[in-house]
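Beneath this line is the structure, given in structure tokens, with notes to follow.
Bear in mind these aren't lab numbers, they're just calculated from the coordinates by the rules spelled out. These figures come from a predicted structure and were not determined experimentally. Cβ: placed from backbone, ideal geometry, glycine included. Neighbour counts: every protein chain shown.
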Amino acid sequence: MKGLLLRDGYLLRQRPVLLMLVGFVGIVLLFSFITTDEETTVANTWPFSAMISLFTTGFSLLLLYEDEQNKWLNYCKTTPVRDAVYVLEKYLMALIFSVFFGLILTVLPLVVMLRQDAFAWADFWLSLVIPIGMSFLCVSLMYPLTFRFGTSKGFLCFLVIFVLLAVGVFVGGLAADFSNGGKVWKFLTALENGKKALYGILIAAGLFGLSLPISIGCFRKRQF
Amino acid sequence: MNAIEIKGLCKSFKEFEIDNVDLTLPGGCVVGLVGENGAGKSTTIKLILNMIFKDSGSIRVLGKDNVTELDSVKEEIGVVFDESYFPPSLTPVKLGNIMKHIYRNWDMQRYQDYLQQFSLPEKRPIGKLSRGMKMKLAITVAMSHHAKLLILDEATSGLDPVVRDDVIDILTDFTREEDHSILISSHIVSDLEKLCDYIAFMHKGKMMLFEEKDRLYEQYGVIHCTEKELQSIPSDAVIGKKIGSYGAEAIALRSAVPHGITVYPVDIEKLFIFMIRERE
């Protein structure tokens with residue numbers, strides 16, 4: 001495990017342009033928050049959360065992609081590195097990315113709250129759990145597919161499922177609107193408003209944990 | 001104990017199949033897996049390492065089943081593929097730092113000694129090393145954790161003759177220890193001729209021949225004769241033949257060649273080429 005973490009650490013250090021990209025986007029977001037005239041609530045940070053969760057997914061995918069491109073993955077299969085350890089290490093990296101980017105994102109609502117002189121721990125936690133939860137959800141969906149089919153095919157499958165889910169949520173939302181608000185829609189609205197943030201993060205973390213053994217199983221079935 | 005033991009190995013793909021392959025690598029020996037491109041050498045190696053799943057047959061590596069127990073012997077196996085698989089941005093020193101956490105038996109002193117012996121620059125990124133250097137580095141890594149079995153897939157292809165000779169020397173040194181075995185695949189037969197105790201010929205997914213190298217030299221010979229003289233040799237004793245306007249050239253069992261026809265020593269490459277031509 002330590003060897004794999006070191007390898008990924010070296011890899012990320014060799015890609016400063018990616019970290020610079022994240023820094024640049026962070027600055028742009030910060031600037032947009034500071035200069036906005038509109039009153040911004042913490043819950044309104046969710047589009048940025050979505051963006052950050054995509055970063056997390058992208059970075060996690062990049063590590064796998066590099067492993068495939070360099071044939072390091074094939075090599076790992078010949079070493080004492082067990083399949084479960086390899087997959088676990090990638091999950092650990094995804095967790096690190098999620099928390100790292102989540103923390104970056106909390107800077108923005110923190111600035112907003114301080115500007116409005118209305119700091120509240122509940123809002124702060126909400127701003128942290130939304131991006132982390134979304135990252136967990138994306139990774140939970142993408143990793144099993146990627147470990148089974150490789151990064152290219154896996155990412156395509158992920159996109160298809162992601163779009164289907166988005167369409168499903170949209171249609172479900174419309175249906176809920178027509179029926180004067182269904183349970184699911186009410187739950188999602190409550191999540192967005194931060195009333196049930198804890199449930200949201202628990203569900204996301206549960207899915208993240210559940211997808212780990214699925215990914216290990218998928219990886220074991222993969223041929224090289 | 002046999003280092004590798006394959007019995008009745010089968011694997012089907014859409015347009016290719018490994019068909020009932022048997023192969024034994026006795027402990028302390030070197031087996032050369034020879035075959036043209038696409039003969040199934042790399043597939044066989046991947047099947048041994050369980051990177052591809054077999055359809056049927058059995059494979060034992062260092063006495064363990066390759067599906068259920070391979071993890072327990074991976075510490076004792078070193079694998080070298082034909083292309084570099086180490087991250088190009090890493091230096092050999094950083095690579096050593098990573099590998100010491102991957103192999104329990106990693107010997108950093110030995111690794112550094114090899115780096116010096118092979119004149120590998122310790123702090124140059126792997127991506128900037130020549131192909132020959134990358135191959136030496138891969139072999140260095142494979143030998144720095146006290147492996148008992150080396151599996152090399154086309155490790156010498158694409159290298160210039162001098163580097164190839166260096167690599168063969170490194171591998172020869174490795175086999176000086178009694179319990180060290182090597183399975184090496186290549187289509188450059190001359191390399192294998194220097195190194196191997198046994199030769200295995202693969203063609204279109206089938207094992208055409210598996211024999212001790214010295215026995216091949218003893219058994220077979222090259223003859224140059226007329227077509228009529230060739231017909232006097234039993235057809236099952238002729239491995240392959242080439243008939244032209246100048247006469248016939250053939251490889252045949254020495255014992256079946258009549259007196260009066262000179263038999264020249266055979267080289268493995270010629271034996272392989274004639275064998276394949278005869279099949280086709």
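Enumerate the amide H contacts of residue B:2 below 5 Å, restricted to partners 5 or more residues apart or on another chain; note that Pro and chain-start residues carry no placed amide H.
Amide H neighbours of residue B:2, under 5 Å, 5+ apart: B:27.
Describe numerically, in nm with one decimal, the distance between label points set 7 Å from Cα along Cα→Cβ at residue B:256 and at residue A:20.
Result for the modelled spin labels: 7.1 nm.
Run the quick spin-label model on residue B:219 and residue B:194: label points 7 Å from Cα toward the beta carbon, then report their separation in nm to one decimal.
In this crude label model, residue B:219 to residue B:194 measures out at 2.6 nm.
Quick one: what are the phi-derived ³J(HN,Hα) couplings along the stretch B:238-246, Karplus 6.51/-1.76/1.60 with θ = phi - 60°, whole Hz, x for glycine and proline?
Result, ordered by residue: 9, 6, x, 8, 9, 10, x, 5, 7 Hz.
Using the 2.2 N^0.38 Å rule of thumb for compact globular proteins, work out how the stretch B:190-267 stacks up: its C-alpha Rg over that value, please.
The reported ratio for this selection is 1.18.
Using a basic spin-label model with each label point 7 Å from the Cα along Cα→Cβ, how many nm lie between residue B:235 and residue A:210?
6.8
Taking the Cα centre of the stretch B:78-125 as origin, sum charge times position over the Cβ atoms of Lys and Arg (+1) and Asp and Glu (-1), and report the length of that vector in debye to the nearest 20.
Magnitude of the dipole: close to 220 debye.
Rounded to the nearest Å, what's the spacing between the alpha carbon centres of the stretch B:116-181 and the stretch B:43-65? Just the number, please.
24
Compute the relative contact order of the stretch B:1-140 as a whole-number percentage, counting only Cα pairs closer than 8 Å that sit 6 or more residues apart in sequence.
After rounding, I find 21 percent.
Give me, ordered by chain and number, the residues 5 or more places off residue B:152 or on other chains with an amide H under 5 Å from its own placed amide H.
B:80, B:183, B:184, B:185
R0 = 60 Å: FRET efficiency of residue A:31 with residue B:211, Cβ-based, nearest 0.05?
Result of the calculation: an efficiency of 0.20.
Given +1 on the Cβ of Lys and Arg, -1 on the Cβ of Asp and Glu, and no further charges, what dipole in debye does chain B carry about its Cα centre, rounded to the nearest 20?
760
Could you tell me the calculated FRET efficiency between residue A:103 and residue B:278, based on Cβ-Cβ distance and R0 = 51 angstrom, to the nearest 0.05?
0.15
Please report the Cα spread of the protein assembly as shown along all three principal axes, rounded to whole Å, starting with the longest.
Projected onto its principal axes, the Cα set of the protein assembly as shown covers 108, 54, 43 Å.
Would you calculate, for the protein assembly as shown, the mean residue ellipticity at 222 nm contributed by helices, counting each DSSP H stretch of 4 or more residues as -39,500 (n - 2.57) and dividing by all residues, to the nearest 500?
Helix contribution divided over all residues of the protein assembly as shown: -18000 deg cm²/dmol.
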